[in-house]
1. Output the qualifying pairs, or none if there are none: Cβ atoms under 6 angstrom, residues six or more apart or on different chains, first residue in segment 123-139 and farther than 14 Å from GLN167 by Cα, second residue β-branched (Val, Ile, Thr) and in a helix (DSSP H, G or I).
2. Filter segment 198-214 for residues that are within 11 Å of ligand 1 (Cβ to nearest atom) and not β-branched (Val, Ile, Thr); which is surrounded by the most Cβ atoms within 10 Å (Cβ to Cβ)?
3. So in segment 545-558, with the set limited to residues that are touching a residue at least 40 places away in the same chain (Cβ under 8 Å) and in a helix (DSSP H, G or I), which one is farthest from VAL227 (Cα to Cα)?
4. Where in segment 111-217 are the helices (runs of 4 or more DSSP H), entirely inside, with at least 3 residues that are in contact with a Gly (Cβ under 9 Å, 6 or more places away or on another chain)?
5. Would you please list the contacts, defined by Cβ atoms under 6 Å and residues six or more apart or on different chains, that run from a residue in segment 224-243 that is within 19 Å of ASN194 (Cα to Cα) to a residue that is in a helix (DSSP H, G or I) and of a type in the set (Gly, Ala, Ser)?
6. Could you check segment 218-253 and list, in sequence order, the residues that are more than 12 Å from ligand 1 (Cβ to nearest atom), crowded, with 19+ Cβ neighbours inside 10 Å and either not in a helix (DSSP H, G or I) or not basic (Lys, Arg) (or both)?
7. Taking helices (runs of 4 or more DSSP H) that do not extend beyond segment 327-386, which have at least 2 residues that are more than 24 Å from LEU250 (Cβ to Cβ)?
8. From the list ALA509, ALA570, exactly one residue is within 23 Å of ARG246 (Cα to Cα) and out of contact with any His (no Cβ under 7 Å at 6 or more places or on another chain). Which is it?
Amino acid sequence: MASSEHPATLIERVQHFVSDHKRAVLIGTAAAVVAVGGVAYYASTSSRPKGRGTDVEKAAKKDKKKSSKSGKKKKSVKDVDGPILEEREPKELEEQPLTDEQIADMSDEERTKLAASFKEKGNTAYKERRFAQAAVLYTRAISVSPKPEPVFYSNRAACYVNMTPPQHELVISDCDEALKLDSNYVKALNRRGNALESLERYEEALRDFTAATILDKFANQSTAQSVERVLQKLATKKAAEILAHREPRLPSYTFISAYFAAFRPRAHPALPENPTTGDETLHLALQALDAADYPHALSLINEAIEQGISWDIGKSEALNLRGTFKFLTGDVDGAKADFQESIDLQPSFTQSLVKIASVHMEQGDPKKAFECFEEAIKQNPNDPDIYYHRGQVLFIMNEFTQAAENYTKSTELDDQFVFSHIQLAVAQYKSGNLQNSMATFRRTLKAFPQRSEPQNYYGELLLDQQRFEEAVEKFERAVELEKQKTPPNVLPLVNKGLALYQWKQDIGAAERCCNEALRIDPECEAAVATLAQLSLQQSKIDRAVEMFERQAELARSEPELVNALTYQYASASQVEFLKNYPEMAAQLNALARGM
Ligand SMILES: *[C@@H]1O[C@H](CO)[C@@H](O)[C@H](O)[C@H]1NC(C)=O
Ligand SMILES: *[C@@H]1O[C@H](CO)[C@@H](O)[C@H](O)[C@H]1NC(C)=O
């Protein structure tokens, strides 16, 4: 929910870009395969071993048809069905299994016939839900058959699925055998995927479901859902592991400066007459903050609080700053505690209240956030920051009319804060009021000729209207203005790249912009996310995986991390698919490029 803290449009648009292309990521080169479908699919089916025989489920279906014709009702069997409670010994099993010598005496033809008959009996037992017997019969089919048949293993796996408790390890080893014999055996892939998922071996389950989805030409909804489900479980599990072990770290320079820029600059509190060491350190921390030297500001503020600050106003200021850094590193509970203590020491310090509101938003609790704004207004009804940030919360809740009112109020109280003008224009745009929005932007451009932000965000709205040329012009102007700062804000550069990509499909230019942005701010999240998407567009999946890994490293909050990991694992599973099914690579790559 970083978007609540600075003009949201770029992040939003990158996210839209990502979700528009989510299909491309999740189901890989989905459309691609459907389009080539013919070739890819039929080529692979025709190379399957012949005479694989019927799968038990098909047999069960046929049987169901027959029995419904003859008026008998039988319960059909699915993998998901539970086991039967009672099992009779079928007659066949009372016979002694054939010895190796007896088998060796038979001709291949006889052995094939015998194996087929064991399989038939197995199918019958399976349909009658005698899974243990069915498994034994498939085992016999396997042992007499002159050559290994994938369907025997896959059918036996189906029996293990239905036992109580399900024998996941055996399902996996039988599917391993079946897939060794026929790597395109979709049903075995699905079975193994389910067993692996039950054992929480999500990465391997994802590998199987991904392969099944692609081999099935993306036609099977249920497999596609399995991919999504396992991906979600995998990303959530990995995110929890990462967050449990990761050192808290600051987000990118671009992110932090956007956060601080969302609050009006305030005068530093005056030091007491005889400042303590802690007081002096606080003063240094605030100076580092003014110089945008965030890592230094962070270590100084921690030091100042450890050393002890001698007066309440200073202490309140220090806790506000430490809380802000905690918030930025993703420690929302710690941040909340610091902001609360800051307010207890100085109840009129409305900025700390506004920041608690953003903690509530990060925790998905807008109601509490609004209570904080009310409380802040009680303390200081003329603080423009309160209305600006309430506008931001309303904005991300799509309450654009109320958001616009709040931005306007903020502007009335202080018209020198550029973001309330910009956000007003964006809110007007979002509520469909194009004329007003463009007028607000033109006024803002005039009032802040030396600020890059109005250029940048105006450019975004132009881009949204597909007025590419004008958009690029605005981004270029913003880049120019930012060049005069050290370090410059790189968002206009990333925007320019996106615009060039959307306008002319100029991937090279887009990548150059993002790389330039990363040269200036190596951690710029938007640049990394955009590069990841651009790599996917070109089917440079290895590079995309690398970028998603980077994005995961940069992710500040759990939802951001889960999101990045989802893409990372989805792309990685495609890389693995292409490794395992190299014959599919040419088609997939060619078509992905056309997406
Ligand atoms: C789709 O896949 C599921 C397993 O995920 C399978 O049970 C089902 O039979 C498949 N449907 C079709 C139409 O192939
Ligand atoms: C701002 O938003 C609140 C809703 O939280 C709304 O009640 C109020 O009327 C809006 N406008 C102003 C000027 O505060």
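The values are calculated or read from the model by the stated rules, or taken from the named source; none is laboratory data. This structure is a prediction, so every number in the text was calculated from the model and none was measured. Here the Cβ is made from the backbone with ideal geometry for all residues, glycine too, and neighbour counts use every protein chain on show.
1. So the pair list comes out as ASN123/VAL56; TYR126/VAL56.
2. Of the residues in segment 198-214, the ones within 11 Å of ligand 1 (Cβ to nearest atom) are 208-209, 212-213.
Within this subset, residues satisfying the condition of being not β-branched (Val, Ile, Thr) are 208-209, 212.
On the way: ASP208: 30, PHE209: 28, ALA212: 25.
For segment 198-214, the residue satisfying everything is ASP208.
3. Applying the first criterion (touching a residue at least 40 places away in the same chain (Cβ under 8 Å)) to segment 545-558 yields 552, 554, 556-558.
From the residues that got through so far, the ones that are in a helix (DSSP H, G or I) too are 552, 554, 558.
Details: ALA552: 20, LEU554: 25, GLU558: 21 Å.
My answer is LEU554.
4. Working: elements: 131-144, 150-162, 168-181, 186-198, 202-215.
In segment 111-217, 131-144, 150-162, 202-215 are the helices (runs of 4 or more DSSP H) which contain 3 or more residues that are in contact with a Gly (Cβ under 9 Å, 6 or more places away or on another chain).
5. Within 6 Å, the pairs are VAL230/ALA205; LEU231/ALA570.
6. Answer for segment 218-253, where residues must be more than 12 Å from ligand 1 (Cβ to nearest atom), crowded, with 19+ Cβ neighbours inside 10 Å and either not in a helix (DSSP H, G or I) or not basic (Lys, Arg) (or both): LEU231, LEU234, ALA235, ALA239, PRO251, SER252, TYR253.
7. Details: elements: 332-345, 350-362, 366-379.
Per the criteria, 332-345, 366-379.
8. Details: ALA509 fails: within 23 Å of ARG246 (Cα to Cα).
Matching residue, one of ALA509, ALA570: ALA570.
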